[in-house]
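I have placed the structure first, in the form of structure tokens, so that the comments after it can refer back to it.
Just so it is clear, none of the values below were taken in a lab; they were calculated from the coordinates. Quick caveat: nothing in here was measured; it's all calculated off a predicted structure.
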Amino acid sequence: MRSGAVGLVVLVAASASAGIEHTILHGVSVGRVKAVVSAGQVPGLTDASLQTAAESSLKRAGVQVGSGNGADLFVGATVVIGPSGDCVVYIDARLIEDAKLDRNGLRVEAASWSGGSIIAGTRQNCGRLTTNAARRVVDDFVEHYRAMNPALAIK
């Protein structure tokens with residue numbers, strides 16, 4: 001009996017969240033991509049290279065990036081270089097949209113999607129590994145975007 005009750009709770013929880021997951025990105029457009037790298041000490045890793053990697057993933061997937069109208073896809077890389085030359089990078093990506101609060105009508109920024117990744121490598125391969133990890137995180141966004149906007153998805 002107890003396992004049946006647990007199964008029912010899991011089913012209800014999954015059903016409740018399924019509606020939100022399938023509507024949160026419905027109809028959203030990406031206005032621009034912003035990228036920030038926390039440290040400049042990694043060869044080949046800059047704000048511009050990270051932004052280019054994210055934009056190329058969107059373009060390859062057929063997701064149009066507007067001219068500033070729409071949500072901002074933010075991709076950040078926090079880099080830590082250890083004394084031995086090893087690097088650890090945390091990729092944090094978020095789709096930031098303007099939202100209006102029901103209770104007082106104020107406009108605020110809200111994240112309607114987020115994803116991330118942690119990678120480790122050496123100082124020499126850290127830039128390449130970070131760029132590849134950022135592409136995978138953006139690919140995850142694209143997967144969610146396509147699922148919620150099938151008419152806009154290019155096959």
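Applying 0.36 nm per residue to the separation of Arg60 and Lys34 and subtracting their alpha-carbon distance, the gain on full extension is 7.6 nm.
P(r) for the range 23-63, from all Cα pairs and a bin width of 10 Å, is 26, 41, 25, 7, 0 %, short bins first. Between Ala35 and Val75, the built amide H atoms are under 5 Å apart, and every one of these is 5 or more places off in sequence or on another chain.
Per-residue Karplus couplings for the range 85-94, computed as 6.51 cos²θ - 1.76 cosθ + 1.60 with θ equal to phi - 60°, are listed in order as x, 6, 10, 10, 10, 10, 9, 10, 10, 8 Hz, Gly and Pro entered as x.
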